[in-house]
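Data block below; observations after.
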Amino acid sequence: MTILLDKNVITNIARGDVATSQALKRILASGEQVYIAHAAYNELVRDSPIQMRMGYEKLLKDLHLTTSPAGATSVKDRGDFYADNITHVPAPGKPGQIKEYGRRDSTTPGDAFIAAEAKALNARLWTLDERFAKRAENLGVTPLAGVSGIKSQSGPESIAQARKLMGLKPLSMLQSASVKPNKGGPSSPPSGGTTTSSKGGSGASGAKTKITTAEVGPPIEPVQEHGPSASGDAKFQAATLVFDGVNFLLQKINDRIQRQRFEAEWSRWAPEVKRRLDADPQLGAMVLISYWKGQGDVNSAIDTVAVFQNIQVGYGLTPDDARRDAYSQSRWSAGFSNVGDQIWLKPKAPPDIKRLKLPFDCTIAGLATFVPGKEKLVRVKFSGKAGFDDKMQSREVLSVPAGMTPRFFYLWPPDKVRYFQERWVAQEVDWEMSNDADVRYGDVDPFSSGVPVIKLDSWYNPGNATAAMVWPADNSTANLFQAAAKTQDNYGLLRDQMIGPLRWVRPEFIRILKAPYDSTP
């Protein structure tokens, strides 16, 4: 039996659908001949967003999913199907014709090309498009049995997630160092790199030049604590959150009954919080405490009571990460909340940069270091509608320790940045590709050899300033970046986007080392 896959089978797995991944693994292990439709392959590898193309190509290759070989189907068989589809006149209430071309134009092959290939191969078609499946079956295409209960999912696609669900080895740039022979070109190593020899190599000397592409550094230095300080405000020292022998003074509760309500609720949360933090020393917890507080009389010396509402706890490696986790959960409240406390319970161990999530749901475009002598960052601020903008004194020189090679990922920028300012706003990001980076020392994406950069112009700082969004690839670089100013966000619009380690580098200061297939660290 031959099976032909539609594109949506693969994208459903990239969107995290476990049922689709399990079904595909069973099919691939069954020994049946499985192909991906030619039109589906082209959509994934040629027509997907540019940052996903190589990821899908590598995913299909590692799953041993190819298109059917030339000559497997005849032009006549396909032509007969197209003719049947064009002349098909559906009866009332019966499936209609299959669309021949994609929605965008009249040249992109559509579902009819997939159905024709399946019919000509005498293959069973697996598609998650129920309407297409019914129309194809009506025209003689056999559907794949046993997968009818699997539904198409929505949401962002992740190559890393797809590889994980399919049991494939991650291809993230955050793996251990990989070493490969130098294939020629400039003989000097990348900035801070070393050149070593090994026995048994090719060439007159029998040696191979190897370039180290990753390094292990010290743990990231602890992030700063956010939330109420231990001293607090004397006026509101009527309740205390106690955790692991540390007292965190609440800033809002000033009533005995509300304090008792809070302490009873916290006693329910504390054991689970302790269990989670003990199990993962790099994990911290953000405790969000909400109240309702009346306005009161401004002329009265008596403050109004803050009525305790509820507690919500989020977990993460940083305060921003944990806060975002807390906000993502459904929050029950006994009433309206207009004030709150937030307390950051620090991790017992510094976090590893490999575990942090990229901001804005960005994906990795490639791995790089600095051009020697150009170890500089760009100071950038975010101002809502004005977007990202470089500051007047924009450059910041890094003091790189002797023998260290800073390594960072340059990212695909988001098309839009969402933030809340009285209402949710989606601010478009103006970015382009730059060819100013040094590409001599590494592999680059054949589909896009440049570096994506964001335009940083403003009315008071005119010009053509651009910078790449970069993220530290190891802990040593993360610590180096922490010594420099992070993205300025005066209004706190990006406080839930986990931008702490994010920095900015001019493209001409970047030396590309390697372009990863994977989309997330």
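The values are calculated or read from the model by the stated rules, or taken from the named source; none is laboratory data. Every value quoted in this text rests on a predicted model; they were computed, and no experiment measured them. As a convention, Cβ positions derive from the backbone with ideal geometry for all residues, glycine included, and neighbour counts pool all protein chains shown. Accessible surface areas use protein heavy atoms only, side chains included; no ligands, DNA or RNA. Shrake-Rupley method; radii C 1.70, N 1.55, O 1.52, S 1.80 Å.
Largest first, what is the accessible-area ranking of His64, His38, His88 with a 1.4 Å probe? Mind showing how you got there, number by number?
Working: His64 150, His38 70, His88 40 Å².
Descending accessible area places them as His64, His38, His88.
What is the sum of charges around Ala465, taking Lys and Arg as +1, Asp and Glu as -1, for the other residues whose C-beta is under 15 Å from the C-beta of Ala465?
On the way: positive: Lys376, Arg379, Lys381, Lys391, Arg395, Lys455, Arg506; negative: Asp389, Asp390, Glu396, Asp430, Glu432, Asp436, Asp457, Glu508.
Within the 15 Å Cβ shell, the charges total -1.
I'd like the carbon and sulfur percentage of the solvent accessible area for segment 1-144, probe radius 1.4 Å, heavy atoms only, ligands and nucleic acids excluded. Could you put the intermediate results ahead of the total?
Working: 3480 of 7130 Å².
Roughly 49 percent of what the probe reaches on segment 1-144 is carbon or sulfur.
Counting only the heavy atoms of the protein chains, how much of Lys151 is accessible to a 1.4 Å probe, in Å² to the nearest 10?
For Lys151, the solvent-accessible surface is approximately 100 Å².
List the residues, sorted by chain then number, that are 5 or more residues from Asn310 or on another chain and whose placed amide H is less than 5 Å from its amide H.
For Asn310, whose amide H was placed from the backbone, the distant partners under 5 Å are Ser290.
In nanometres, what is the gap between the two model label sites at Ala484 and Ala264, each 7 Å from Cα along Cα-to-Cβ?
5.3 nm
With a point put 7 Å past each Cα toward its Cβ, work out how far Ala279 is from Lys169 in nm, to one decimal.
3.0 nm
What is the sum of charges, Lys and Arg at +1 and Asp and Glu at -1, for the other residues whose Cβ falls under 12 Å from the Cβ of Val371? Display every interim value, and only then the final one.
Working: positive: Lys374, Lys376, Arg440, Arg506, Arg511; negative: Glu375, Asp436, Asp438, Glu508.
Local net charge: +1.
Please list, in chain and number order, the residues 5+ apart from Arg15 or on another chain whose amide H is under 5 Å from its amide H, with Hs placed from the backbone.
Ser158
Would you mind checking the pairs Lys7/Lys119; Lys151/Lys416; Lys58/Lys99; Lys274/Lys354; Lys99/Lys164 and listing those with alpha carbons more than 22 angstrom apart? Don't skip to the answer; put the middle values down first.
Values: Lys7/Lys119 17 Å; Lys151/Lys416 29 Å; Lys58/Lys99 29 Å; Lys274/Lys354 24 Å; Lys99/Lys164 34 Å.
Pairs exceeding 22 Å: Lys151/Lys416; Lys58/Lys99; Lys274/Lys354; Lys99/Lys164.
For segment 368-457, which whole percent of the accessible surface, found with a 1.4 angstrom probe, sits on carbon and sulfur atoms?
Values: 2070 of 4610 Å².
Carbon and sulfur: 45 percent of the exposed surface of segment 368-457.
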